[in-house]
Amino acid sequence: MAVLTDAVWAIDLGSNSLKALRLTAVSGVVEVIGFDNIRHSKLLNGTGVGAAEREELIALTLRKFVERNEVDMDEIVVSVPSQNSFARFVNLPPVEPKRIPEIVNFEAVQQIPFDINEVQWDWQLMTEEDDPQKKVGIFAIKNEVVDSALEHFDREDLQVGYVQMAPMALYNYLLYDRPDLVSSDERATVVLNIGAEDTDLVVCTQSVVWQRCILIGGNSFTKAVADAFKLNFEKAEKLKRTAPVSKYARQIFQAMRPVFTELASEVQRSLGFYTGSNPNTKITKVVAMGGGTKLRGLLKYLQQTLQVPVQRPDAFKGLAMGPGVSAAKFHENVADFGVVYGLGLQGLGLARIESNLLPRSIARSMAWASKAKYFIVAACMLLVASLLCLARVGFDTVSYGKASQTRQRISGVISDVKQVNDRLNDLQRAGSAADEKIAKQRELFDHREVVPQLYETILSALPNAQNYPAQKELYEAFAGGDVEAVLDVPRKQRRQLFVTNTSIFYSEDLATAQFSTTAMARKNARVGSAAGEYDEYEYEMMAMMEEEMMMGRGGPSSRFALSTMMPGAAQAEEAKKGFVVTIAGYSPYENVGELLEPVGVDDKPDEWGLVTRLMNLDRIVDGNSPFQLYERTDPNHFKLEKGPVDLEAEMPSGIGTWEVKAAGFGQTGENVLVDPMTKEPISKVPVLDRDGNQMYDSRNEPLYEVNDHWFVLHIKFVWTDAPESPDQGQSPAMGRMSTMRRAPMGDG
């Protein structure tokens, strides 16, 4: 497998020109940092050009390339023509991985149609190593073809590192640059590289490549023109290139027509042979490369004959232009660079097929030559290291004799350090008792975040923009204090719950814990201060007395456990620890039951009420909630009270604010409860006629308009993460927390 290098030169030495491409890989992106396209000073197949002159023309072109480009430090990859080459893909029988080379050698002798000693050959595993079906590609080319190609570079002192067949380079190009065209083995793309002497036809699928060399190229068209017009090869070539603008264009194309037909027939015959051998593979596209594609009308004629789309690329999708490279000039020669593109990918280690047909003797000499400098450097380093070690031994011997007094001082310091360490250990042991006391004091702060977390959980279950998105604007207006926007929604249609007070107590045994009795504290609102204010002081005193009782101030054995409120209670099952919660408040919604506990909405989260959400805490709280509703169906552990806001009835404290309404005809002023924000009446008020008089029904009963409704919810929560009690059923952290809060919580 090729090793990634900084840069590589890929060279394709053809009959008409030398094509070269310098590539590098930068952060996974292949960049063009240099290219060249040098035409031979004279056509190699021109009239009167002999073998010696042909060699001289190639040498001049190579020399010109070396003078124009820096090639000394880069890896060089070259191509050899497909004539006298061989590529075959065979399936191996199931064998152990270590026996694959042996089987491949046997297959090579059987498959290669030349004497195995007269060819350079290589092989490559085309499937994954753990794939039970092993497929290998065997590639070979005659020795004289490789030797002839390398001889040109040897004369210019250019060291070649890789030799690859042109068809395999084209396959590597297509697989890297256009993977969309070779995504399966059932759909094949044909690369048709029309060169000067011949045409390489390469059928490409995802895992297999099939090649054929057609002995028709650009020079075949030139010879047809030369024969028709009785011209030498050079003049015929010039006439062919200028045919589209020549006044003899029709005669020129008429002379080349037989070559058009012959080339199309050979391509069609080759593809027919391939599809006959591979009936499950369909030819989908032809990608035309090479200088012959510049001949006007050729690609259109091939497409009409083959009935397959023929495309000539005008750019490479997988290449980026490096700094200082002329993109415009590069794109003028894109069709000529297919082979060198594939060669460059192999030099960078990015090619699918990495077989190397470089003669083994040359490869071995290159490997040893590249390692020789490392051997010399290693030997020099070993010699220097030996001398340094010897000098160090002598220096240390002298230094050791001079440092006797220093060693004595060091021994004294070490002795002092041992004494200090012993003293430190004594102090650490003495401090362990203090650490235990500190740890016990810090236990008092454990779990202090649980009650705020329970408050947040209850708040998240109240109506809000997330739970009732249909009234999102109402909740935002309420939060922002926008009274006008709140009033835009009729009061009895506002899905809001206002929590006026809550109480939360910790209990070691929820089964025996009792609910708070201070929620229902307001009655007969007309009795109070001059402004109609209820005596909240009495309410606070009553709540504090209940808190003292619930917290177990009456005896040491029940100081922190609500279970002691029922002495002698049977412990039929393991006690569950948790919280006893009372939530009181009111709502303007006409059917407060829909906001608290609607019926038949278990599978409709958008219609859940407060109780429904508290029953499904794991679904509304991110992750697993540490709280679970306890015994929802047992009235001893769950209780919901509700009723209209009525000044003449018992209801929770803290609802609304007082306001004295102006007296009507024959009436005195009335105390009513109003919304603190909107000043709308929220308590039950008399229905008056136009003159302000009380209205009555048919039974002579006074008529009232019911506005808001109050509610009191008694529930219990199991604390699933409750710690083990240290002794006497106590929970140190929770027993020292304030478990009663009566500040209004607002709405969701």
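The values are calculated or read from the model by the stated rules, or taken from the named source; none is laboratory data. On a predicted model such as this, the values are computed, not experimentally measured, just so you know. Positions of Cβ are backbone-derived with ideal geometry, glycine not excepted, and every protein chain shown enters the neighbour counts. The protein model used for the area step is the full one, side chains on, heavy atoms only, and it has no ligands, DNA or RNA in it. Shrake-Rupley method; radii C 1.70, N 1.55, O 1.52, S 1.80 Å.
V599 falls short on exactly one of the conditions (1) out of contact with any Pro (no Cβ under 9 Å at 6 or more places or on another chain); (2) aliphatic (A, V, I, L, M); (3) under 23 Å from L454 (Cβ atoms), and that condition is (3).
So, in segment 308-324, of the ones that are open to solvent by less than 40 Å² (accessible area, probe 1.4 Å) and part of a loop (DSSP other than H, G, I, E, B), which residue ends up farthest from S265 (Cα to Cα)?
So in segment 308-324, the residues open to solvent by less than 40 Å² (accessible area, probe 1.4 Å) come out as 308, 310, 313, 316, 318-320, 322.
Filter again for part of a loop (DSSP other than H, G, I, E, B), leaving 308, 313, 316, 318, 322.
On the way: V308: 14, P313: 23, F316: 29, G318: 33, G322: 41 Å.
Among them, the one singled out is G322.
For segment 608-629, taking the residues that are among the polar types (S, T, N, Q) and outside any helix (DSSP H, G or I), the one that is farthest from E594 (Cα to Cα) is identified as N624.
Within segment 303-324, count every residue that is over 37 Å from the mean Cα position of the chain (by Cα) and over 20 Å from P167 (Cα atoms). Reasoning before the result, please.
Applying the first criterion (over 37 Å from the mean Cα position of the chain (by Cα)) to segment 303-324 yields 303-310.
Still in the running and over 20 Å from P167 (Cα atoms): 303-309.
Residues meeting the conditions: 7.
K230 - would you say it is on the phi < 0 side of the Ramachandran plot and of a type in the set (K, R)? Here the answer is no, as K230 does not meet what is asked.
Take the residues in segment 31-49 that are without any contact (Cβ under 8 Å) to a residue 40 or more places away in the chain, open to solvent by less than 30 Å² (accessible area, probe 1.4 Å) and assigned to a strand (DSSP E or B); name whichever of them is nearest to S220 (Cα to Cα). Top of the filtered list is I38.
W9 passes every criterion in (1) outside any strand (DSSP E or B); (2) crowded, with 18+ Cβ neighbours inside 10 Å; (3) not hydroxyl-bearing (S, T, Y) apart from (1). Could you list all residues from segment 583-619 that are in contact (Cβ under 8 Å) with a residue 40 or more places away in the chain and over 24 Å from R494 (Cβ atoms)? Scanning segment 583-619 gives a single hit, L617.
Note on segment 20-67: residues that are within 17 Å of G322 (Cβ to Cβ) and basic (K, R) amount to 1.
Is one or more of the residues making up segment 355-367 open to solvent by less than 40 Å² (accessible area, probe 1.4 Å) and either within 36 Å of the chain's Cα centre (by Cα) or at pLDDT 90 or above (or both)? Yes: segment 355-367 contains one or more residues that are open to solvent by less than 40 Å² (accessible area, probe 1.4 Å) and either within 36 Å of the chain's Cα centre (by Cα) or at pLDDT 90 or above (or both).
Taken as a whole, segment 325-342 holds no residue that is open to solvent by 40 Å² or more (accessible area, probe 1.4 Å) and within 23 Å of M165 (Cα to Cα). Taking first residues from segment 430-445 that are in contact (Cβ under 8 Å) with a residue 60 or more places away in the chain and partners that are of a type in the set (G, A, S) and assigned to a helix (DSSP H, G or I), the Cβ contacts under 8 Å between residues at least 6 apart in sequence or on separate chains come to E443/A733; L444/A733; F445/A733. Looking at this structure, is A52 at pLDDT 85 or above, open to solvent by 20 Å² or more (accessible area, probe 1.4 Å), of a type in the set (A, V, I, L, M, F, W, C) and touching a strand residue (DSSP E or B) at 6+ places or on another chain (Cβ under 6 Å)? For A52, the condition - at pLDDT 85 or above, open to solvent by 20 Å² or more (accessible area, probe 1.4 Å), of a type in the set (A, V, I, L, M, F, W, C) and touching a strand residue (DSSP E or B) at 6+ places or on another chain (Cβ under 6 Å) - is not met. Note on segment 431-459: among residues that are in a loop (DSSP other than H, G, I, E, B) and among the charged types (D, E, K, R), the one that is least open to solvent (accessible area, probe 1.4 Å) is D446. Whenever a residue of segment 320-340 is in contact (Cβ under 8 Å) with a residue 60 or more places away in the chain and under 18 Å from V29 (Cβ atoms), its partners that are open to solvent by 30 Å² or more (accessible area, probe 1.4 Å) and of a type in the set (F, W, Y), lying with C-beta atoms within less than 8 angstrom and at least six residues away or across chains, give the pairs V325/F35; F330/F35; F337/F35. Can you name the residue in segment 494-515 that is in a strand (DSSP E or B) and in contact with a Phe, Trp or Tyr (Cβ under 8 Å, 6 or more places away or on another chain) and, of all such residues, is surrounded by the most Cβ atoms within 10 Å (Cβ to Cβ)? Result: S507. When the residues of segment 630-661 are filtered to those that are open to solvent by 50 Å² or more (accessible area, probe 1.4 Å) and part of a loop (DSSP other than H, G, I, E, B), the one that is farthest from H447 (Cα to Cα) is E648.
No other residue among V90, V145, V95, V119 is more than 30 Å from R312 (Cβ to Cβ) and open to solvent by 20 Å² or more (accessible area, probe 1.4 Å) apart from V95. For segment 285-307, a residue qualifies if it is surrounded by fewer than 16 Cβ atoms within 10 Å (Cβ to Cβ) and without any contact (Cβ under 8 Å) to a residue 24 or more places away in the chain, and the qualifying residues are K300, Q304, Q307.
Just name the residue that is modelled with the highest pLDDT out of those in segment 398-435 that are β-branched (V, I, T) and over 58 Å from the mean Cα position of the chain (by Cα). Before the answer, list the steps.
Initially, segment 398-435 is screened for residues β-branched (V, I, T), giving 398, 406, 410, 413-414, 417, 420.
Now restrict to residues that are over 58 Å from the mean Cα position of the chain (by Cα): 398, 406, 410, 413.
Numbers: V398: 80, T406: 84, I410: 88, V413: 91.
Among those residues, the one meeting the criterion is V413.
Answer yes or no: is there a residue in segment 460-467 that is farther than 26 Å from A584 by Cβ, hydroxyl-bearing (S, T, Y) and assigned to a helix (DSSP H, G or I). No, because not a single residue in segment 460-467 is farther than 26 Å from A584 by Cβ, hydroxyl-bearing (S, T, Y) and assigned to a helix (DSSP H, G or I).
Selection of segment 676-700 for residues being in a loop (DSSP other than H, G, I, E, B) and in contact with an Asp or Glu (Cβ under 8 Å, 6 or more places away or on another chain) yields K679, I682, S683, K684, V687, M695.
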